[in-house]
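Beneath this line is the structure, given in C-alpha cells, with notes to follow.
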Amino acid sequence: MTASGPLADPRKQPRDDEFDIPFDLPATAPAGAPAPAPIPAPRPGGIAARAQALANPGRGEPSRGVYLDGLNPEQREAVEATDGPVLVLAGAGTGKTRVLTTRIAHILSLGLAWPSQILAVTFTNKAAREMKERIHAMVGEEVEGMPWLGTFHSIGVRMLRRHAELVGLKSGFTILDTDDQIRLLKQLLRAENIDEKRWPARLLANIIDGWKNRGLSPQQVPAGEGAAFANGRGQKLYTDYQARLKALNAVDFGDLLLEGIRLLRENPDVLADYHRRFRYILVDEYQDTNVAQYLWLRLLAQGSRNVCCVGDDDQSIYGWRGAEVDNILRFESDFPGAKVVRLERNYRSTGHILGAAAHLIAHNEGRLGKTLFSEGENGEKVTVTGAWDSQEEARAIGEEIEALQREGHALTQVAILVRASFQMREFEDRFVTLGLNYRVIGGPRFYERAEIRDALAYLRVIASPADDLAFERIVNVPKRGLGDAALRQIHDHARAAQLPLIEAARELVGSEELKPKVRLTLRDLVASFDRWREQMATLPHHELAEIVLDESGYTEMWQKDRSADAAGRLENLKELVRSMEPFENLIGFLEHISLVMDVDSGNGGDAVNIMTLHSAKGLEFDTVFLPGWEEGVFPNQRALDEQGRAGLEEERRLAYVGITRARRRAKVFFASNRRIHGLWQSAVPSRFLDELSEKDVEVTESRGGSGWGGGQGGGYAGRYGYGPSRFDQAETFGSSYSTPGWQRAQNAAKSGSGFSEGRSRYAASESARGGRIIEGELIAKSTGAPSRFAIGDRVFHQKFGYGEVSSVEGNKLTVQFDKAGEKKVVDSFVDAA
DNA sequence: ATACTGAGGATTTTT
DNA sequence: TCCTCAGTAT
C-alpha cells in the first residue's frame with residue numbers, strides 16, 4: 001500500500017503494513033505476539049498491565065483503575081458499561097468528553113481490546129485531536145496505536161482508500177471541497193443549458209448534499225424531489241455529477257460516507273472484516289449525526305454491538321445540514337437492550353445560569369428531558385439589557401468588557417456569541433475604536449482563502465497531473481494571457497483525445513492550433529510543471545512550494561497588489577509553507593489538507609472571542625455576552641419561515657447552547673433598532689427573553705447610561721417604541737420584570753408611540769447622532785500621549801488597508817481609508833505607509 | 001483580456 | 001449597506 005492510507009495523525013509516515021495485517025490481529029501487535037482472541041490478555045509491561053497494577057495493589061482482581069477516581073456515579077456507570085449498546089445523555093458541562101476518554105482508557109486497561117480495535121468517531125478534527133490528547137494523558141503512548149480515532153470523514157477516507165476498486169475508484173482519488181464541487185456543477189449546468197440565474201449551482205450543490213446526507217444515491221432519490229430542481233432535471237444532474245466524479249477519480253465529502261455505506265453493503269466479506277476488527281465503537285456528539293452517518297454506524301455496530309453514543313438532544317443545532325435529532329431520540333429502539341445513562345450533574349455553570357437555561361429549554365417539546373443541577377453557588381443572575389440600536393449594544397458590551405478587564409479578568413475568558421456573522425462587524429468596529437483586542441473565531445477559514453486555494457491547486461497539479469479542476473483554477477492565475485478562449489481549446493482537445501487538461505495542453509503546444517503568444521506561454525507553463533514535478537523527488541516539499549510560488553509569479557502577483565489584504569495574503573502563503581514542514585511528503589500534506597485544511601490559529605494573546613453560537617458549541621467561558629436577542633434575528637426569521645416549529649425549537653436549543661457556555665456570567669442584550677441589509681428596522685425583543693426564568697434573571701440598564709430608559713438627557717425612553725407585532729399581544733409579554741428600565745420600556749410600548757415604517761428611518765438618524773456624541777466623549781476622555789501621526793499622514797492598517805489621517809485626538813486617529821472609508825482607530829493599530 | 005457597471009442577494013458550518 | 005457575479009464596454 002504505497003498510495004498512503006491516511007492515519008489518524010497524518011503527520012506520520014503511513015506504515016506500509018497497515019492494511020496488510022489480517023483484521024483480527026492488532027496493528028500494533030509486536031511481531032509474533034499471540035492473536036488476542038477472543039479477549040486479548042494485557043501485554044506484560046503494557047499500559048493495561050501497568051494500570052492494573054496501579055489499580056489493584058495486592059489484589060489480583062482486575063476491575064477498577066485509578067482513572068475511575070473522581071468520576072461521579074453516573075459517569076462511572078457510563079464508563080463501566082462496556083457490554084452492549086449504551087446511550088449517554090450528557091447535558092452541557094457534565095463531563096461528556098471525560099466519560100468518552102475514560103471509557104476508552106478503561107477498555108484498554110482491562111485488556112478488552114487492542115487500541116486498533118476501537119473505533120472512535122467525532123465530527124470535527126478539533127474534537128478528535130482533543131480526545132486523542134486526553135487519552136494520551138491517561139494511557140500514554142498506547143493511543144498511537146489507535147488508527148480508528150478520527151472524524152467520520154477521515155475514517156471514511158481510510159476505508160475507501162483501502163477498498164477503492166470495490167466502489168469504482170482508484171486508491172489515489174482526490175477529495176473535492178465545496179468550491180470544486182460548485183465549479184463542477186456549473187460546468188454540468190452549462191452543458192445542460194440550464195439558466196444559472198434561476199437554478200444556481202450552489203443550490204444544486206445543497207440539494208445533492210442533502211440527498212447524500214440522507215444516504216440517497218441517485219437512483220434512490222424520491223421522484224418528487226428529483227424533479228424539483230430545474231424542471232425535473234435534478235435527479236439526472238445528480239447522476240451526471242456522480243459520473244463526472246468517477247471520471248475524475250474524485251469524491252466529494254458526502255461520498256466519503258455514502259460510498260463507504262455502499263462498500264459495506266455490497267461486500268459482506270469486507271463488512272465482516274470490520275465487524276471482527278471493531279470490538280468497541282464510540283461516537284461523540286451523536287445528536288449531530290445525519291442519516292448517512294447513522295446508517296454507516298449501524299452497519300459497523302452490528303458486529304460487536306458494543307456501541308456507545310454520547311450526545312445531548314438539547315444541543316442539536318445542525319438540523320439544517322442534515323443532522324437528525326431523531327437518531328438520538330430513537331436510539332433505544334434502534335439498539336434494543338440499550339442502556340441509557342443520564343449525566344445531569346453540571347460542573348461548569350452557576351445555579352442562576354443553569355436555572356435560566358433549563359427554564360428556556362423546557363419550552364421545547366421533542367426532547368428526552370434532563371434536569372441539570374449543580375452544587376456550586378447561584379452566582380450572579382443572568383442579565384438582560386436593552387439597547388437603543390446595535391451600535392449602542394456594541395458600545396455597552398465594550399464598556400462592560402473594559403470594566404471586567406479593569407477588575408483583572410482575562411479577555412480570553414470573555415466571549416461574544418452572535419447568531420449570525422453580520423452581527424460581528426458592529427463589535428469589531430467598536431473594539432478597533434476602543435483599542436480592545438479581539439479575535440474572531442470561525443470566520444472565513446484558512447483553506448477557503450483564495451490565495452491558499454490557488455497555492456494548493458499548483459501543488460495538486462504537481463502531485464497529480466490529472467487533477468483537471470486544480471489545473472483550471474490556476475492556468476491563468478496569475479494572469480498570463482491564457483483566458484477563456486485558450487482554455488476552451490484545451491478543453492476541446494482534452495475531451496477529443498481523452499486526456500487530462502495538462503496533457504492536452506502539452507499536445508496543443510506541439511501543434512499549430514494555438515496563437516503564437518498563447519502557445520509560448522502555455523509551453524512555459526507545462527515545462528514549469530514538468531520541472532517542478534522532477535524537483536519533487538529531490539527537494540523538501542516545503543522548499544518546492546516556495547519555488548513554485550515564486551517561479552509561477554504567484555507571489556509577485558500579490559506583492560504588486562496594493563490592496564489592503566495583500567500583505568495578509570502573503571503572510572498566509574508563508575504560513576501555508578510553514579505548515580507543510582512537519583509532513584513527510586507532498587502527497588501526505590495534500591491528503592491532510594483535503595480533510596483537515598485547518599491551521600492552528602496562533603492564540604494571539606489576551607483577546608475577546610467573537611464567534612457565532614454554532615461555533616461556540618463545546619467551548620466555555622467565564623463571561624458570555626449574548627447580543628441580538630430580537631425576533632427575526634434570534635430566533636432567526638428564516639429558520640422560522642422554513643422550518644416552522646422545528647426551526648423554532650432548534651433556535652431555542654441554540655439559545656440554550658449559548659447560555660450554557662457561561663461559567664460565571666451570562667449577559668443577554670437586545671437592540672430596539674437594527675440595520676439589516678442597510679435598512680433600519682425596529683425590532684421586538686426575542687420571545688426567548690421571556691422564556692428565561694425570572695428568578696434567575698436581572699433586567700439592567702445598559703452601562704453606558706445611554707440605553708433605552710437610561711441617561712443621555714433621558715431622551716430615549718420617550719422616543720422608544722416597538723413596532724406592531726404579534727409579540728405585543730403575547731400574554732407572556734405582560735411579565736412582571738420590574739426594573740425601572742423595563743417598565744418604562746413597556747409603558748412606551750403601550751402608549752402607542754410605535755414607529756411606522758417612515759418614522760423608523762427618523763429613529764435611525766437620531767440614533768446615529770447619539771452615537772457620535774458618545775464617541776466624542778470617549779475620545780475626549782482618552783487623550784493620552786500625543787500621537788506620532790499628523791493630519792495628512794499616509795498610514796496602513798491591518799484590517800482597513802491604506803488611508804490618510806484626517807484628524808488626530810490624543811492617540812485616536814480619524815483616518816480616511818482608501819477602501820474602507822472613514823474609521824476611528826487607535827494609533828498603535830496603524831503603521832506609517 | 002480586462003475594467004467597469006448594475007442587479008440581486010445577503011443564516012447557521014464541517015468535512 | 002455592501003459584496004459578488006455576470007455582462008458590457010474598451
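Okay, here's what the table says:
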| quantity | calculated |
| --- | --- |
| Residue check, residue A:456 away from DNA strand C (no atom under 15 Å from the Cβ), among the hydrophobic types (A, V, I, L, M, F, W, C) and part of a loop (DSSP other than H, G, I, E, B) | no |
| Matching entry among A:676, A:659 (being within 12 Å of DNA strand B (Cβ to nearest atom) and outside the structural domain of residue A:288 (by the TED database)) | A:676 |
| Candidates A:558, A:532, filtered to the one that is within 30 Å of residue A:485 (Cα to Cα), crowded, with 17+ Cβ neighbours inside 10 Å, modelled with pLDDT of 90 or more and more than 12 Å from DNA strand B (Cβ to nearest atom) | A:532 |
| Within segment A:266-349, strands (runs of 3 or more DSSP E) holding 1 or more residues that are surrounded by fewer than 24 Cβ atoms within 10 Å (Cβ to Cβ) and either over 21 Å from the mean Cα position of the chain (by Cα) or of a type in the set (D, E, K, R) (or both) | A:280-283, A:339-343 |
| Count of segment A:672-701 residues which are of a type outside the set (D, E, K, R) and closer than 12 Å to residue A:389 by Cβ | 7 |
| Given (1) under 27 Å from residue A:814 (Cα atoms); (2) touching a helix residue (DSSP H, G or I) at 6+ places or on another chain (Cβ under 9 Å); (3) of a type in the set (Phe, Trp, Tyr), index of the condition residue A:458 fails | (1) |
| Segment A:205-241 - residue that is among the polar types (S, T, N, Q) and within 23 Å of residue A:324 (Cβ to Cβ) and, of those, nearest to DNA strand C (Cβ to nearest atom) | A:206 |
| Among the candidates A:578, A:506, residue that is free of Cβ contacts under 8 Å to residues at least 24 places away in the same chain and assigned to a helix (DSSP H, G or I) | A:506 |
| Candidate set: segment A:459-494, residues that are of a type in the set (Val, Ile, Thr) and at pLDDT 85 or above; chosen: the one farthest from DNA strand C (Cβ to nearest atom) | A:462 |
| Residue tally, condition away from DNA strand B (no atom under 16 Å from the Cβ) and more than 22 Å from residue A:177 (Cα to Cα), over segment A:223-246 | 9 |
| Among the residues listed as A:430, A:488, A:425, the single one being more than 29 Å from residue A:587 (Cα to Cα), assigned by the TED database to the domain that holds residue A:611, among the basic types (Lys, Arg) and within 13 Å of DNA strand B (Cβ to nearest atom) | A:425 |
| Checking residue A:126 against (1) over 17 Å from residue A:285 (Cβ atoms); (2) in contact (Cβ under 8 Å) with a residue 60 or more places away in the chain, the condition it does not meet | (1) |
| Selection count, segment A:380-423, where residues are in a loop (DSSP other than H, G, I, E, B) and either at pLDDT below 90 or over 22 Å from residue A:619 (Cα atoms) (or both) | 1 |
| Count - residues of segment A:191-202 that are under 13 Å from residue A:241 (Cβ atoms) and within 10 Å of DNA strand C (Cβ to nearest atom) | 1 |
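The values are calculated or read from the model by the stated rules, or taken from the named source; none is laboratory data. Quantities reported herein were computed from a predicted structural model and do not represent experimental measurements. Note that we place each Cβ from the backbone using ideal geometry, even for glycine, and neighbour counts take in every protein chain shown.
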